[in-house]
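The block underneath contains the structure these notes are about, expressed in structure tokens.
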Amino acid sequence: MQGLPIIVLAEDDDGHALLIQHGLRKAGFLNPVVHCGNGQEALDYLERPEGEAVASKVLLLDISMPGIDGVEVLRRIRAERRFDTMPVIMITTTDDPREVARCQALGCSHYIVKTVNWNLFHSALRELERFLNPAPFRPD
Amino acid sequence: MRRSSSQFNVLLLLTAGVCFLAQLGMDYWFLRRNSMAGAGFPWWLTFQALVFLIFAAIIFLLLTWLVTRRLNWLVEEAGRIENGEEPRDPLGGGDAVSRLSAAMRRMALRKRDLSKALDEHSIVAITDKDGRITFVNDRFCQISGYAREELIGKTHRVINSGRHPAEFFKEMWRTISGSAVWRGDIENRARDGSHYFVATTIMPCLGLDGKPEQYIAIRTDITEQKATAARLELLTNELETKNRDLEVLIHAASHDLRTPLVNVQGFASVIREQLVPMKELFGEDPAETPSTFKGAVVIREIEESLGFICAGAEKMEALLKGLLVFSRLGRQKPELQILDAEKIVSQSLGASRFQIDEAEAEITVHSLPVCLGDPGLFGQIVSNLLDNALKYRDPARPLKLSISGSQQEALCVYRFQDNGIGIEPQHYERVFELFHRLNPRHSPGYGIGLAIVRRALDRMGGRVTVESVLNEGTVFSITLSSGSPGNGNLFAHN
């Protein structure tokens, strides 16, 4: 499994974090996942020296988080040139079109709504293949 | 005729006087020439000259008296008018002075009427150039609670409420002493301590040197309006607060309430996944052994409970979604444009293709006129009416839905006619209420769809009506502006 990007998951709700990881595994993504409990933790992780190989990371961002929220994290990351190539995927409960438009304007790569319907959520997660598994990938 | 005869009299008297004086002069000159030629100066001539002189003096005095008597009347009348007394009847005689007196009377009456009208409407005060009150009308006394005598000679400080900064009055004085009119709202204090508001106009009355000699202040009582405005502002603030609360609530609904729901549904699904290996463990056939039997029963119960949990969570999410849509309808400003109704209807039908096929519904779309509306809102209306027809179809027969439209001058009417379960007439109005469901146990809806339809139409100035026959079907008619030039919006027709 060499070469799979690391998933940096910024999510304050532990239940959601578990469900997302579970869903990712179920969708066949075997990428290592780093769970950060809030926006600041995610930023700190990305700032770490070993985090410089940014091409190998994908950020999954919840929007509503205490302290620095997901939109702010997105804004800060997109302000830095070295993170230009890093995919940032918003993963949130809000499907307000204004919020989606705001994140798209700030340069998010993809927007996933955490639907209550589990099946819908899973098919949404499967759409992440192009970010999480750049090489052709076939689940057994 | 009177006027010309009076003028003739004066002229006659004057002519006679001039003739007498001329004869006297000629006699004197003639006799003096004679006497210089040697003849004597006769005594009777001196006597005659004296008589003529006295006569001339009497005529002169008489004329002067006649003229000054009438002029004095005019002067006296002018004084009376200035003091505001009732004008007297004009002088007779028909000469210039009598015409002048008549004109003065007319002017006086006009001035009286104007100030009366002003007094009827306004609070009036006049001050001298230093701001000392020289006149106040009854309304001024009435609103301020002061007697006239208490005000005359004082300045307006008597009624100063203290609510305006000194700069306010400084600016006012700068304006009016610079010969300009000042306008503004002033809060004053009456004698009893109550405050009142007056919309004020102060006009400087300029003297011959172009500088103000006095100021006329005309005011209107706006206390009532101010109170209303204050109440309105209070209500507006309250409304804004409530709207903010609503925003918070909507955010809570869209995010905070859904967050735990995601967990409920997500972990229920995780448990359900775990049931798969457990089923394998206990086997599908419950009769094998007592322990596998018990295990299989437990698994079945868990599965059943999970079904309720998931259904409940999904229902709750649908409710939250409906609420969100409903609240967004109220917040977004509709963008009215000419809509291709047929296109929007076919898009909505396309989006619901799966449900339509599942229900084996037969949907007929007739030719539809264009209308004036917001594309998003119109789409919401169509998809919710379609949804409503699908939900409340009669299970005994396949759904038939006919969508037609017609244009009646300024209005477009679209009809959605179905053969569903129908609505009783006493429920016509209630079906459009939020969260109102006619048959909660048996209907799959949440009581949001038709509320959205009505709200969307409200936003576009349209309306929706319903007609129905129980067990036969329902017709929803929506009316919108056709957008043809020269018609107003629908509010004009309501």
*So B:Gly447 clears everything in (1) in a helix (DSSP H, G or I); (2) surrounded by 17 or more Cβ atoms within 10 Å (Cβ to Cβ); (3) not hydroxyl-bearing (Ser, Thr, Tyr) except one condition, right? Which one?*
(1)
_Being under 18 Å from B:Arg157 (Cα atoms), surrounded by 10 or more Cβ atoms within 10 Å (Cβ to Cβ) and of a type outside the set (A, V, I, L, M) is the filter here; which residues of segment B:190-220 pass it?_
B:Arg191, B:Ser194, B:His195, B:Tyr196, B:Phe197, B:Thr200, B:Thr201, B:Gln214, B:Tyr215, B:Arg219
*Within segment B:473-490, track down each residue that is more than 14 Å from B:Leu372 (Cα to Cα) and modelled with pLDDT under 90.*
none
*What tally of residues in segment B:77-98 results from selecting those that are in contact with a Pro (Cβ under 8 Å, 6 or more places away or on another chain), closer than 17 Å to B:Val67 by Cα and charged (D, E, K, R)?*
1
_Considering only residues that are part of a loop (DSSP other than H, G, I, E, B), more than 14 Å from every other protein chain (Cβ to nearest Cβ) and within 15 Å of A:Ala10 (Cα to Cα), which ones fall in segment A:70-102?_
A:Met86, A:Pro87
*Counting only residues that are closer than 18 Å to B:Ile222 by Cβ, give me the strands (runs of 3 or more DSSP E) lying completely in segment B:113-200 with at least 2 of them.*
B:123-128, B:182-189
*In segment A:103-118, what count of residues is obtained for those that are more than 13 Å from every other protein chain (Cβ to nearest Cβ) and of a type in the set (A, V, I, L, M, F, W, C)?*
4
_Odd one out for A:Asp12 among (1) surrounded by fewer than 15 Cβ atoms within 10 Å (Cβ to Cβ); (2) outside any helix (DSSP H, G or I); (3) within 14 Å of chain B (Cβ to nearest Cβ)_ = (1)
*What residue, of B:Val469, B:Val413, B:Val475, is surrounded by fewer than 20 Cβ atoms within 10 Å (Cβ to Cβ), more than 40 Å from the chain's Cα centre (by Cα) and more than 29 Å from B:Glu314 (Cα to Cα)?*
B:Val469
*Which one of these is in contact (Cβ under 8 Å) with a residue 60 or more places away in the chain, more than 13 Å from chain B (Cβ to nearest Cβ) and assigned to a helix (DSSP H, G or I): A:Phe121, A:Phe131?*
A:Phe131
*asked:* I'm told B:Val325 meets every condition in (1) among the β-branched types (Val, Ile, Thr); (2) touching a residue at least 40 places away in the same chain (Cβ under 8 Å); (3) away from chain A (no Cβ under 13 Å) except one. Can you identify the failing condition by its number?
replied: (3)
*asked:* So, in segment B:332-362, how many residues would count as being closer than 17 Å to B:Gly405 by Cα, crowded, with 19+ Cβ neighbours inside 10 Å and not small (Gly, Ala, Ser)?
replied: 3
_Residue check for B:Lys294: touching a residue at least 24 places away in the same chain (Cβ under 8 Å) and surrounded by fewer than 16 Cβ atoms within 10 Å (Cβ to Cβ)_ = no
*Is it fair to say B:Leu249 is part of a helix (DSSP H, G or I), modelled with pLDDT of 85 or more, more than 30 Å from B:Asp185 (Cβ to Cβ) and more than 8 Å from chain A (Cβ to nearest Cβ)?*
no
*asked:* Looking at A:Ala105 and the list (1) modelled with pLDDT under 90; (2) surrounded by fewer than 20 Cβ atoms within 10 Å (Cβ to Cβ); (3) over 30 Å from B:Cys310 (Cα atoms), which single condition is not satisfied?
replied: (1)
*Taking B:Glu360 and the conditions (1) assigned to a loop (DSSP other than H, G, I, E, B); (2) at negative phi, which numbered condition does it fall short on, given that it satisfies the others?*
(2)
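The values are calculated or read from the model by the stated rules, or taken from the named source; none is laboratory data. Bear in mind that the values here come from a model prediction, so they are computed numbers and not experimental data. Note that each Cβ is placed from the backbone with ideal geometry, even for glycine, and that neighbours are counted across all protein chains shown.
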